[in-house]
Amino acid sequence: MRAPHGPGGATRRDRADLLPPGCRVGKWQVIRLIGSGGWATVYAARPAGGRPGRPDVALKVMPTAGLAPRQARRIVESARREVDLGRRAGHPRLIGLLESFVLTEPRHPALHGAIVLVMERAAGSLRELVDAGVPEGERGRLVAGICEGVAHLHRSGWVHADLKPENVLLGTDGSVKLSDFGLATELTGTHGYAPPLGTLDYFPPERWRAPLGELGVRVRPTADIWALGIIIHEVFASGCSPFPGATPMARGAAVQEYGAGRAPLRMDHAVPPFWRALAADCLAPTHAARAPHTAESLLARIAAHRDGPGAGTARLSGRARAAVLATALCGIAGAALCADTAGPTTPVPSGRAGGAAPDTVRVYNAERACRESGGRDLDCSLGLGVDPALPYTADNVVATRVWHGDVLTADCQVPDGQPIVDEEDHRSTRWFRVRLPAGSRPPAAWLPAVRTRDHPALPRCPR
């Protein structure tokens, strides 16, 4: 193999020049540099000697020369994870791993011991497409493709742990393929452990305060779901994050404020209602609140939406349909809503003075700002369920909204409904059946027990 450097190692600055065009690496000939990251450099390559029947590939080169032993072990472990996942969890939505090998180049110390992964070559990344502007008709298809890949990873017992637009690659035919599994972790039960690395803009709230143990940082599939929510927002909002801040650290501080219930989730007006609801579910502030929204369930919702716009709310008027979606955002994720997402609905009569009687419950909003505002801002409205036994999603929320302090008449309860977690991490499977204003359809709905601090002694609702 020909190398551009003589004896001596290469610094991080010049690692990108280690393999110039025309250089041969194993059975492959370098065409050009694609990009360089923290510990790896990626090159486009073709079969050496013009061997027919072999496609162009991407070479991910991970040098180990000059690294401290701990750093070198981290590189080796990262490569092992990529190889292990590539061989055991292959799927059309994951970038294919063709082969891997270690370079033996004692005459060129900068390359000696470098790990090379030979992978499918893509036409570009989602990040490049987002920066250029994703065509409107392609946005939903791309998000669905990402969900397919994430769903397969999770079914196979893996968490990506570094999901972001840079790691979503696009084929020449527009196909979506997840890539860069250097931080992917295999689950042992409900969670796995990953190195304390990753991209700050895609960390869920709990990751910011996760303790570092002997095995690394605990990672669960809901970390990928959170990252998916950020990606959905970026795809529909021209690359903008839903969290404010000029730097990743500043945006991370906003994420932590949201996760602690001290700030609402505010999404860009450009995100359409269906995708706003989907992103809000992905961005639920706690692991427990995100857990019901698996990649498979998100994919099913996307398919239903694609097969029939407004699926699940087709019987409602346009304004009522928007109200259902808006209510779900607040009710599921404590999200703040943009003013253009819902029309007016009939409020439930409010009784703010005095204590609640045994057959009434007073609505409680875990967001302190909403409790202190005393108004009926749409951003602070909460949702009522249609069926307590079904997931608390847009298809299972009535159009009528309620606010902190509203007093509702409750006639019975179910103790074993869908578990709901609020913004203060209170969890309950208890639901109260409450009456809606005269003329409402349906005439009654369900209030999660976490949305009140009252606990009336009500009979169990008949089955």
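The values are calculated or read from the model by the stated rules, or taken from the named source; none is laboratory data. No experiment lies behind these values; they were computed from the predicted model shown. Note: ideal-geometry Cβ built from the backbone for every residue, glycine included; neighbour counts use all protein chains shown.
Annotations for the structure displayed:
- Qualifying residue in region 433-443 (condition: hydrophobic (A, V, I, L, M, F, W, C) and not in a loop (DSSP other than H, G, I, E, B)): yes
- Test: residue in region 352-361 that is farther than 26 Å from F243 by Cβ, at pLDDT 90 or above and outside any loop (DSSP other than H, G, I, E, B): yes
- Taken over region 173-218, the criterion of being touching a His at 6+ places or on another chain (Cβ under 6 Å) and closer than 24 Å to I95 by Cβ is satisfied by A184 alone.
- Restricting region 195-210 to residues that are touching a strand residue (DSSP E or B) at 6+ places or on another chain (Cβ under 8 Å) and modelled with pLDDT under 85, the residue that is surrounded by the most Cβ atoms within 10 Å (Cβ to Cβ): P195
- Lone qualifier among L215, L187, L197, L126 - being closer than 19 Å to H233 by Cβ and not aromatic (F, W, Y): L126
- All positions within region 397-410 that are of a type outside the set (F, W, Y) and either free of Cβ contacts under 8 Å to residues at least 12 places away in the same chain or in contact with a Lys or Arg (Cβ under 6 Å, 6 or more places away or on another chain) (or both): H404, G405, V407, T409
- Complete set of residues in region 181-196 that are part of a loop (DSSP other than H, G, I, E, B) and without any contact (Cβ under 8 Å) to a residue 60 or more places away in the chain: L187, G189, T190, P196
- Elements of type helices (runs of 4 or more DSSP H) in region 197-309, at least 1 residues being under 21 Å from S156 (Cβ atoms) and within 17 Å of the chain's Cα centre (by Cα): 221-236, 273-282, 287-290, 295-307
- Taken over region 244-262, residues that are touching an Asp or Glu at 6+ places or on another chain (Cβ under 8 Å) and either outside the structural domain of G229 (by TED's automatic domain parsing) or free of Cβ contacts under 8 Å to residues at least 60 places away in the same chain (or both) amount to 4.
- Unmet criterion (only one of (1) free of Cβ contacts under 8 Å to residues at least 40 places away in the same chain; (2) surrounded by fewer than 19 Cβ atoms within 10 Å (Cβ to Cβ); (3) among the small types (G, A, S)) for A123: (1)
- Filtered residue count, region 248-283, keeping only those that are surrounded by fewer than 20 Cβ atoms within 10 Å (Cβ to Cβ) and of a type in the set (A, V, I, L, M, F, W, C): 6
- Top-ranked residue of region 413-427 - restricted to ones that are part of a strand (DSSP E or B) and modelled with pLDDT of 85 or more, ranked as surrounded by the fewest Cβ atoms within 10 Å (Cβ to Cβ): V414
- Extreme residue, farthest from the chain's Cα centre (by Cα), among residues of region 62-113 that are crowded, with 18+ Cβ neighbours inside 10 Å and of a type in the set (K, R): R81
- Top-ranked residue of region 434-457 - restricted to ones that are touching a Pro at 6+ places or on another chain (Cβ under 8 Å) and surrounded by fewer than 20 Cβ atoms within 10 Å (Cβ to Cβ), ranked as farthest from L283 (Cα to Cα): A457
- Some residue of region 149-164 being in a helix (DSSP H, G or I), touching a Pro at 6+ places or on another chain (Cβ under 7 Å) and free of Cβ contacts under 8 Å to residues at least 60 places away in the same chain: no
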